[in-house]
Every structure is written in C-alpha cells, then in structure tokens.
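Enquirer: Structure in structure tokens, see below.
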Amino acid sequence: MVLAMLTGCAVNPVTGERQLSLIPESQELSLGAEQYVPTQQTQGGQFYLDAELTVYVREVGNKIAQVSDRPDLPYEFVVLNSSVPNAWALPGGKIAINRGLLAKLDDEAQLASVLGHEIVHAAARHSVQRMQQGMLISAGVAGIGMALSDNEWAGVIMGGAAVGAQLALAQYGQGDELESDAYGIKYMQAAGYDPQAAVELQELFLSLSEGNQSSWLNGLFASHPPSAKRVQANQELVQKIGAGGYRGKEVYQRRIAMIQKLQPAYDAHDTAMKLASEGNFDGALSSINKAINAEPREAMFYALRGRIYQNQKQPEKARADFDKAVSLYPEMFQYQLDNGLNELAMNNLTKARTHLETANKMVPTSIAYLRLGDISKEQGRRDEAISYYSAAAEAGGEIGEEAKRKLAAMTN
C-alpha cells in the first residue's frame, strides 16, 4: 500500500486545530470502505441471528452522527459476533460494536456513549493520524493479507498485514481518548441522551480493568485504555454542561433480549474453545454440542466442532460441520478456509480449491495461498503454483518459509 504524498497541514474537523495531513480525505474514505468488511470478518463476522439488532444500533449511531462535526461522512454501523467486549472505528465512519460489549451495557444512553466515542475517532481522523505517525503501517504492508496457521484455536491471529484490523485494534493515545470522550459527550447531549451515561461507562470499564478480567483487557481496553483521569474528566464535563436526558433502558433491554437469551450458548462455545486450546478435545466436544443444541442456527458453533473433529482425525464429520457453517454464513472467509483445508486433507483437490479461492476473495491469507500452490502443483499447473507460492512467501514465518522452499524447488 502506498500512502499519499505530503499535502501539508489541515484543520482537525472536530477540534478546529491545525494538524499534519499526509493522507487526503479521498484516501481516508477509500481506506475505510475497502477495509470495513475484511476487518469485520477477522473480528468474528456479523451477528446475523438478530438482524434487527444491527438496525437498532445503526439508528442510535445515526442520531449521534447527525449532530457530529462531520455529519456527511458515509457512516456505517454493524454488530459483530464476538464475545470480546469491544468497539472500533475505521476511517470514514465505518464503526462496529461486538455482541460481547452490547451484553455489558445497561441502556441506550450507554450505547450512545460508546458509538459517540467511536464517531469522534472517525470524525477527528484519529486513525489516519496514527497511520501518518508511522505507528501502524508502512508501504507494502497490505500485500498478502493475514498469516494464519493450519490450526489456530485462538481464532484469527493477525500476521501484521491486515490494515483495517491494525487500525481497529491498535491502542489510541490518551489525548485521542480524552478528545473522543469529551466530544462524544457533547454529541450525546446534542442528540438528547443523558451524558452521565458516559461517566458510568468509564467507571464500569475502570472497575473491570482493575479486576483483571482478561477478556476485557484483551478487548476494549487494549485499544481504549481506561483510567481514573478519564472518569474524572468526563464527570467534570458533565457537571459543566448538565446531566439529564434520554436513557432508554427498557427499549435497550428489549433489543438485546436475544443476546441475553443466547449467552449460555456462547459461553459454552467459548468454554469449548478454551478446552480445545488445552488439548481437551472430548471436553470441548461436549461443550460445543451444548451450544449447538441451544442454538442450531449459529454457524460459529459448527465451525468450531468441525475443527475439533479435525483434531480427532474425523475428517468426514468435520466436513459435515464445515459444510453446515458455510451454508449458514457463506460470506465468512474463516468457514470457507476451514472447509478448504479439510477437503485438501481428504485429497479432494477440486472442492478444496473452490473453498480456498472463495476464502481468499474475502480475506487473503498466506495459508490459503500456500495450499492453493500445493493444489496447483498437484494438478500440473506450474505457473499458477509459482504465483501462489510467491504470494505466500511474502508472509514470513513458517508459512512463508515453506512457500519459499517449494518455490525454490520449482524454479531451480
């Protein structure tokens, strides 16, 4: 990826302050648009079981966006299917909030606080500023996609090459966080919400971070570090502008009813993931079966059981589960990737190729390129194999080294 040439200084659209501008607005918007769906996919994909929840989040987000300092940005809001409590914003107003965070909030005003905070990050070009400072990406970093292993229980591990995910997950500085808190509170109030909810939210985050709840520390706190200073600053601002406004607790609780109802199933899934990572596949299988029995429409559950069956050397059972996951959520690259790798292990090259190619169209991964190279070589497509191996060789690590060896063997 080649960044734009230096264009001098510009005005922060939110604060009005002068700031360095290396990336023009057109590139800012295109970056967010290009990376939004791939970044969703690397963070669990969309929570498709309750489409109305995303509609609701979008309605709340748009209320805040309309009173922001950049109301004309092409804002989008989506709910992601992840238990990790997190929310993030990409350049251009592309915003996501995880199922796991929605489950922790009490009312619509707190949701408005989260979304307002993310809207400021987008409107004030915080992600773009971090890019310019060289904290995240450099030329060429978007080339290969992510480095995934054949079997990674923690889910998608970033290999340092997915631009959107780096932007979404990297830590903001204290100045950006305080700025987003302050202007987010002002936006909330302008939209009719009680700004005291923002103080409550930071108090909740701080208490949980001090309790060392690892899922929180790996989620929201990794990119949005809480602090007593933030709580105090928010409270002082609310006292200055005045508390009071819409809370929407009953409406909010009604809207997240499905998440609350399904929480035991997702807890069982997360337990199964943990047990599998520890090598306890029988325990993991028992736990994921509970999740599937509780909610048989969830693709995520079948994908995990398929991976468990793979590790138990039961590829036929794994195939059935991967096929089910793909049928329920065909747009999810991870399920296509799992299916393709399993078919390859069963020596079904044509099916494997189809699934791996489909996965790479959504989110390119080095493991998919490597295995597509293997398939092309086996099918006598030498030039194609060289092309795939060359792509995989850019990734580095074990996958890159394997690709380099195979490439050398074909070209020497």
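The values are calculated or read from the model by the stated rules, or taken from the named source; none is laboratory data. Everything numeric here is computed off the predicted structure, so don't read it as measured data. Quick reminder, even Gly has a Cβ in these numbers, built from the backbone with ideal geometry, and neighbours come from all protein chains shown. Please note that ligands, DNA and RNA were not included when accessible areas were found on the heavy atoms of the full protein model with its side chains. Shrake-Rupley method; radii C 1.70, N 1.55, O 1.52, S 1.80 Å.
Enquirer: For Ala124, what residues show an amide H to amide H distance below 5 Å, using hydrogens built from the backbone and excluding near sequence neighbours?
Expert: Placed amide hydrogens put nothing under 5 Å from Ala124.
Enquirer: Going down the table (Lys351/Lys377; Lys313/Lys361; Lys290/Lys313; Lys104/Lys361; Lys63/Lys104; Lys290/Lys317), which pairs top 27 Å between alpha carbons? Don't skip to the answer; put the middle values down first.
Expert: Details: Lys351/Lys377 16 Å; Lys313/Lys361 29 Å; Lys290/Lys313 21 Å; Lys104/Lys361 34 Å; Lys63/Lys104 21 Å; Lys290/Lys317 17 Å.
Distance filter (> 27 Å) returns Lys313/Lys361; Lys104/Lys361.
Enquirer: Could you check the spin-label model distance between Ala408 and Arg381? Points 7 Å from the Cα along Cα→Cβ, value in nm.
Expert: Simple spin-label model gives 2.6 nm for this pair.
Enquirer: Next question, about the same structure. Rolling a 1.4 Å sphere over the protein heavy atoms, what is the accessible area per residue of the range 355-409, to the nearest Å²?
Expert: Values: 2560 Å² over 55 residues.
Each residue of the range 355-409 exposes 47 Å² on average to a 1.4 Å probe.
Enquirer: Okay, next question. The range 309-412: which trypsin sites (Lys or Arg not before Pro) are DSSP loop and have at most 11 other beta-carbon atoms within 10 angstrom? Each step should come with its number before you reach the end.
Expert: Values: sites: Lys313, Lys317, Arg319, Lys324, Lys351, Arg353, Lys361, Arg371, Lys377, Arg381, Arg382, Lys404, Arg405, Lys406; in loops: Lys313, Arg381.
Answer in residue order: Lys313.
Enquirer: May I ask you to list the chymotrypsin sites (Phe, Trp or Tyr not before Pro) in the range 331-394 that are in a DSSP loop and have at most 11 other Cβ atoms within 10 Å of their Cβ? Mind showing how you got there, number by number?
Expert: Working: sites: Phe333, Tyr335, Tyr369, Tyr388, Tyr389; in loops: none.
Of the chymotrypsin sites (Phe, Trp or Tyr not before Pro), not one in the loops of the range 331-394 has a Cβ with at most 11 other Cβ atoms within 10 Å.
Enquirer: Tell me, what HN-Hα J-couplings in whole Hz come from the Karplus equation 6.51 cos²θ - 1.76 cosθ + 1.60 at θ = phi - 60° for each residue of the range 48-63, using x for Gly and Pro?
Expert: Per residue, the Karplus-derived 3J(HN,Hα) values read 7, 5, 9, 4, 5, 5, 5, 4, 5, 4, 4, 4, 5, x, 5, 4 Hz.
Enquirer: For the range 312-371, which GluC sites (Glu not before Pro) pass both filters: DSSP loop (anything but H, G, I, E, B) and at most 16 other C-beta atoms within 10 Å?
Expert: Values: sites: Glu316, Glu331, Glu343, Glu357; in loops: Glu331.
Answer in residue order: Glu331.
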